[in-house]
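Okay, structure first, notes after.
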Amino acid sequence: MPITLDQAKAHLNLGSIDADDALVSDKLAAAKAWVGAYTASNVDADGTPAPVNEAVLQLTAHLYQNREASLVGVTATELPFGFLDLLAPYRAFCF
């Protein structure tokens, strides 16, 4: 089942707050596109493996919480811990 805005908001602990719906939707779309390209799959299709859905949610949260390419005075990480490990079995290699 495709990840919905409500699921992404629940993952972010936003509950029923609607103020950031457009922003969360944009971050979710970007995460789906990134994971879809990395795995060469349609992450909006039914039957998407749970680890792929979890990776989409983690990346959505990362993009939502880190909205700039660099931050001053903050230790930042490139991607959430374990994110690429979740996707490793589904990665598509193209040569």
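Just so you know, all these numbers are worked out from the coordinates, no wet-lab data involved. Please read these numbers as outputs of a predicted model, since none were measured by experiment. A quick note on method: Cβ atoms are made from the backbone with ideal geometry, for glycine too, and the neighbour counts reach across all protein chains shown.
Taking other residues whose beta carbon is less than 12 angstrom from the beta carbon of L14, and scoring Lys, Arg as +1 and Asp, Glu as -1, yields -2. The mean of 1/r over all distinct Cα pairs in the chain, once inverted, gives the Kirkwood hydrodynamic radius of 13.9 Å.
Each label was represented as a point 7 Å from its Cα along the Cα-to-Cβ direction; for A69 and N42 these points are 3.3 nm apart. Between R91 and A29, what FRET efficiency comes out of the Förster formula 1/(1 + (r/R0)^6) with R0 = 30 Å and r the beta carbon distance, rounded to 0.05? The value I calculate is 0.90.
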